Each structure stands twice: as structure tokens, then as C-alpha cells.
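The next block holds one structure in the form of C-alpha cells; read it before the comments.
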Amino acid sequence: MMKALKRQSDSIMVAEERVSFLVENDFYSEANALRLQLEDSFSAQNQAGITPLTYVFAENRYRFLTASSESVLTRESLQEFVEHLGNWAESKLGASHVSTPQVRVYLSGCKRSVLQDAVMLGWHYMLSLTKDERSRKDDRVRIVIPDRPGRAGRLLSTCNLVDSELKFNRLLVHDTQNAYGIEPAHTSMNPLEGTIFLDGYIW
């Protein structure tokens with residue numbers, strides 16, 4: 001069973017004493033610098049007819065553009081971000097490792113159905129670098145979060161469908177066992193006007 005859709009802005013949901021979903025607004029003080037580096041990288045390489053972005057597609061599952069963060073961010077900036085996220089993860093989650101993020105870009109026609117990742121341990125993180133615009137308020141991530149286990153012998157379990165907007169410099173973290181989907185609400189084919197975020201794992 002699926003409960004009614006819930007909108008979350010800055011809440012924590014806990015199951016069995018493990019954080020299942022967490023949102024942090026204004027997460028990283030250097031988010032604007034990361035965004036500017038992305039813009040400079042995309043613009044400079046596009047002028048030469050080259051882009052670091054690769055198209056990823058699986059029928060009825062997902063379609064988006066991606067690039068390694070090393071190809072669009074400076075080594076120093078990337079190291080500082082990972083270190084900041086690692087310190088936060090240790091404090092909030094008791095985790096000790098953070099993966100180097102991938103850059104994800106969703107343009108017109110891109111989306112991700114509600115699916116689980118192949119990674120089944122730890123947490124999945126997303127830091128939005130999407131420009132905040134009035135017309136983009138419906139860009140969102142949907143995460144399926146099971147309720148706490150119910151009575152013994154119960155055949156059906158219920159879950160919450162959590163809906164969170166992709167605001168600039170918002171960090172979303174959820175258990176890797178939770179399925180999630182991404183639904184951009186724009187029509188542009190310009191990568192700089194797309195839904196952009198850093199994507200990785202914590203364990």
C-alpha cells in the first residue's frame with residue numbers, strides 16, 4: 001500500500017534507528033563556486049564542439065546526461081566538497097566514507113522512474129546545483145520510504161512517497177534500499193538550464 005504523497009523540506013525520517021531520509025538546505029558554502037565551474041566547463045568545451053557529458057539510457061527506466069566530476073570541477077574544489085560532505089556524514093550518520101560524485105544533468109525528455117539503485121549498502125546523496133527559478137519549482141525527487149515494520153504476520157507493508165523539490169544547494173540523502181525517481185519540469189535542451197546535481201554514495 002502507498003500512503004498519500006508527502007512534501008518534505010527539511011525533515012528526517014527514521015526507521016529502526018537508522019536515518020532513512022534527510023534533507024539539508026544551504027548545505028555547502030561553496031556551492032556557487034561549483035556551479036560556476038560547471039558553467040565554465042560546459043561553455044568552454046561546447047565552443048570547441050566537445051562535451052564531457054555522456055547520454056545514459058535504459059528503456060522505461062531512465063535517461064539523462066552524466067559526466068565524471070573530475071572532468072568539470074577542479075581537483076581542489078572536488079576534494080574540499082568531498083571532505084565537507086565526509087565530515088557531515090560522520091556527524092549525522094556515523095559514516096566514514098564518501099564516494100567521488102558524478103555530475104547528473106536532466107534535460108527536456110529526461111527522467112528517472114521510481115527505481116532502486118544497484119548499490120544496497122549505505123546512503124545515496126544528491127547535492128542540487130540547479131538554478132532556482134520560479135518556473136522550475138516542480139523539479140522534484142520522489143523517494144519511497146517503507147514504514148516501520150508492523151505487526152508480526154502482517155502480509156502487506158505500507159510506505160511513504162516523499163516528494164522533495166530540487167532547490168539549489170539542497171542536499172538530499174536517503175537509504176540506498178529506498179527506490180527513488182526524478183521528474184524535471186522544464187523543456188530546455190541547454191545543459192546549463194537543466195536539472196543538475198552531484199550524485200554519489202555514503203557508507
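The values are calculated or read from the model by the stated rules, or taken from the named source; none is laboratory data. Note that this is a predicted model, so its numbers are computed, not measured. As a convention, Cβ positions derive from the backbone with ideal geometry for all residues, glycine included, and neighbour counts pool all protein chains shown.
Can you tell me which residue among Leu93, Leu127 is surrounded by 21 or more Cβ atoms within 10 Å (Cβ to Cβ), of a type outside the set (Val, Ile, Thr) and closer than 24 Å to Asn25 by Cα?
Matching residue, one of Leu93, Leu127: Leu127.
Is there any pair with a first residue in region 38-50 that is over 16 Å from Arg75 (Cα atoms) and surrounded by 11 or more Cβ atoms within 10 Å (Cβ to Cβ) and a second that is modelled with pLDDT of 85 or more and among the β-branched types (Val, Ile, Thr) whose Cβ atoms are under 8 Å apart and which are 6 or more apart or on different chains, and what are they?
Hits for this filter: Phe42/Val72.
Scan region 97-121 for residues that are touching a residue at least 12 places away in the same chain (Cβ under 8 Å), assigned to a loop (DSSP other than H, G, I, E, B) and surrounded by fewer than 19 Cβ atoms within 10 Å (Cβ to Cβ) and jot them down. I'd like the intermediate steps shown before the answer.
Initial filter on region 97-121 (touching a residue at least 12 places away in the same chain (Cβ under 8 Å)): 97-117, 119-121.
Keeping just the survivors that are assigned to a loop (DSSP other than H, G, I, E, B) gives 97, 99-101, 107-110, 116-117, 119-121.
The answer is His97, Ser99, Thr100, Ser108, Gly109, Gln116, Asp117, Val119, Met120, Leu121.
Looking at (1) under 17 Å from Arg35 (Cβ atoms); (2) touching a residue at least 12 places away in the same chain (Cβ under 8 Å); (3) charged (D, E, K, R), which is the one condition that is false for Glu133?
(2)
Quick grid of which residues meet (1) modelled with pLDDT of 95 or more; (2) surrounded by 15 or more Cβ atoms within 10 Å (Cβ to Cβ); (3) of a type outside the set (Ser, Thr, Tyr); (4) assigned to a strand (DSSP E or B):
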position: Ser9; (1), (2), (3), (4): no, no, no, no
position: Leu73; (1), (2), (3), (4): yes, yes, yes, no
position: Phe81; (1), (2), (3), (4): yes, yes, yes, no
position: His84; (1), (2), (3), (4): yes, yes, yes, no
position: Asn87; (1), (2), (3), (4): yes, no, yes, no
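Would you point out which residue out of Ser108, Ser41, Ser77 is farther than 18 Å from Lys131 by Cα and not aromatic (Phe, Trp, Tyr)?
Numbers: Ser108 fails: farther than 18 Å from Lys131 by Cα; Ser41 fails: farther than 18 Å from Lys131 by Cα.
Step by step, each of Ser108, Ser41, Ser77 is checked, and only Ser77 is farther than 18 Å from Lys131 by Cα and not aromatic (Phe, Trp, Tyr).
So which residues in region 173-198 are part of a strand (DSSP E or B) and surrounded by 19 or more Cβ atoms within 10 Å (Cβ to Cβ), if there are any at all? Working first, answer last.
Of region 173-198, the ones part of a strand (DSSP E or B) are 173-175, 180-183, 195-198.
Correct list: Val173, His174, Asp175, Tyr180, Ile182, Thr195, Ile196, Phe197, Leu198.
Which pairs do you get when a residue that is under 16 Å from Phe168 (Cβ atoms) and in contact (Cβ under 8 Å) with a residue 60 or more places away in the chain, found in region 181-203, comes within reach of a residue that is in a strand (DSSP E or B) and polar (S, T, N, Q), reach meaning Cβ atoms under 7 angstrom, with the pair 6+ apart or on two chains?
As it stands, the answer is Pro184/Thr195; Phe197/Ser128; Asp199/Gln102, since those pairs meet every condition given.
If a residue must be in contact with an Asp or Glu (Cβ under 8 Å, 6 or more places away or on another chain), assigned to a loop (DSSP other than H, G, I, E, B) and either at pLDDT 60 or above or small (Gly, Ala, Ser) (or both), how many such residues does region 138-172 contain?
Looking only at that region, the number is 10.
What number of residues within region 40-71 satisfy the criterion of being touching a helix residue (DSSP H, G or I) at 6+ places or on another chain (Cβ under 7 Å) and modelled with pLDDT of 95 or more? Even if it seems obvious, please write down each step before you answer.
Within region 40-71, the subset touching a helix residue (DSSP H, G or I) at 6+ places or on another chain (Cβ under 7 Å) is 42, 51-53, 65, 69-70.
Going one step further and asking which of them are modelled with pLDDT of 95 or more, we end up with 65, 69-70.
The qualifying residues number 3.
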